[in-house]
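Written out below as structure tokens is the structure these notes cover.
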Amino acid sequence: MGRKKKKNPERNYGHTDAILDIAWNEHLPHILASGSVDETTLLWDLETNEPHTRMENFGDHVQSLKWHPFESQTLAVGSSDFYVYDCRTYDTYKNWNIKGKVEKVHWDPSNGFLCYIGTNRGQLLCFDCRTNEPLWKYKGHENEVTGIYVWEKFIVSSSTDETLKVWDRENKHLIKIKEFSGALHSLD
């Protein structure tokens, strides 16, 4: 029977609770962001296998992360509020208060100013990050929004209400509903 290894207190780094989301920075492939129940986001340097930056004080668990499609330094973070960080400075960000909690964030792949949010109350919101209020919001699902995908002129959303919905991006109306016999927990 082998001996148990003791944790080295000098190497105590990382999250202290469950990780809820990870996001790989496609522009800087050695950078990975992780969000956790411990109310922190860590930026990991995959070349050294250690966290480089710790962002905290979210006031709630970090549920969703998404790197910007065009800007390597910009990270969207979903917690009890919605945050956009400039990771070059780590303490500069813009945030928006959300009724409920942010379950999912997703950047628009063709317009770098737009970010879509799904909440635990089933709401879908679209933010132009240059403004202080959402461009639009509506009740998309009966339960939390667990996934958002933007493709050409469509927004696809999933939920634990056992539905996948396809929305017209320009006119913001529902095009199709697909019902499942179980909760949907992810969409990509």
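The values are calculated or read from the model by the stated rules, or taken from the named source; none is laboratory data. Only a predicted model underlies this, so the values are computations on that prediction, with no experimental measurement involved. Here Cβ is always computed from backbone atoms with ideal geometry, including for glycine, and neighbour counts include all displayed protein chains. Surface areas here come from the heavy atoms of the whole protein model, side chains and all, with no ligands, DNA or RNA. Shrake-Rupley method; radii C 1.70, N 1.55, O 1.52, S 1.80 Å.
Some observations on this one:
- Residue in region 86-100 that is modelled with the highest pLDDT, counting only those that are within 22 Å of Thr53 (Cα to Cα) and surrounded by fewer than 13 Cβ atoms within 10 Å (Cβ to Cβ): Arg88
- Only residues that are outside any strand (DSSP E or B) and surrounded by 11 or more Cβ atoms within 10 Å (Cβ to Cβ) were counted in region 174-185, giving 4.
- Remark: pairs (first residue in region 73-98, in a loop (DSSP other than H, G, I, E, B); second residue of a type in the set (Asp, Glu); Cβ separation under 7 Å; 6+ apart in sequence or on different chains) = Gln73/Asp86; Ser79/Asp60; Ser80/Asp60; Thr92/Asp86; Ile98/Asp81.
- If you filter region 106-125 down to residues that are open to solvent by 60 Å² or more (accessible area, probe 1.4 Å) and more than 15 Å from Leu187 (Cβ to Cβ), you find that the one that is farthest from the chain's Cα centre (by Cα) is Ser110.
- Within region 106-126, tally of residues that are closer than 14 Å to Lys66 by Cα and not small (Gly, Ala, Ser): 9
- The lone criterion from (1) at pLDDT 95 or above; (2) more than 27 Å from Gln73 (Cα to Cα); (3) basic (Lys, Arg) left unmet by Lys172 is number (1).
- Number of the exception - Asp188 against (1) closer than 15 Å to Ser64 by Cβ; (2) open to solvent by 50 Å² or more (accessible area, probe 1.4 Å); (3) among the acidic types (Asp, Glu); (4) modelled with pLDDT of 95 or more: (4)
- Scope region 159-173; condition closer than 14 Å to His141 by Cα, in contact with a Phe, Trp or Tyr (Cβ under 8 Å, 6 or more places away or on another chain) and assigned to a strand (DSSP E or B); matching residues: Thr163, Leu164, Val166, Trp167
- Here Glu103 meets the list (1) closer than 25 Å to Phe70 by Cα; (2) surrounded by fewer than 17 Cβ atoms within 10 Å (Cβ to Cβ); (3) within 19 Å of the chain's Cα centre (by Cα) almost entirely, failing just condition (2).
- Residues that are part of a strand (DSSP E or B), open to solvent by 10 Å² or more (accessible area, probe 1.4 Å) and within 28 Å of Gly100 (Cα to Cα) within region 44-64 comprise Thr53, Arg54, listed in sequence order.
- Residues that are in a strand (DSSP E or B) and in contact with a Ser or Thr (Cβ under 6 Å, 6 or more places away or on another chain) within region 138-156 comprise Val145, Thr146, Gly147, Ile148, listed in sequence order.
- Test result for Leu32, in a strand (DSSP E or B), more than 24 Å from Pro134 (Cα to Cα) and either open to solvent by less than 80 Å² (accessible area, probe 1.4 Å) or modelled with pLDDT under 95 (or both): yes
- Applying the criterion of being among the basic types (Lys, Arg) and outside any strand (DSSP E or B) to the residues of region 99-126, the residue that is farthest from Lys172 (Cα to Cα) is Lys101.
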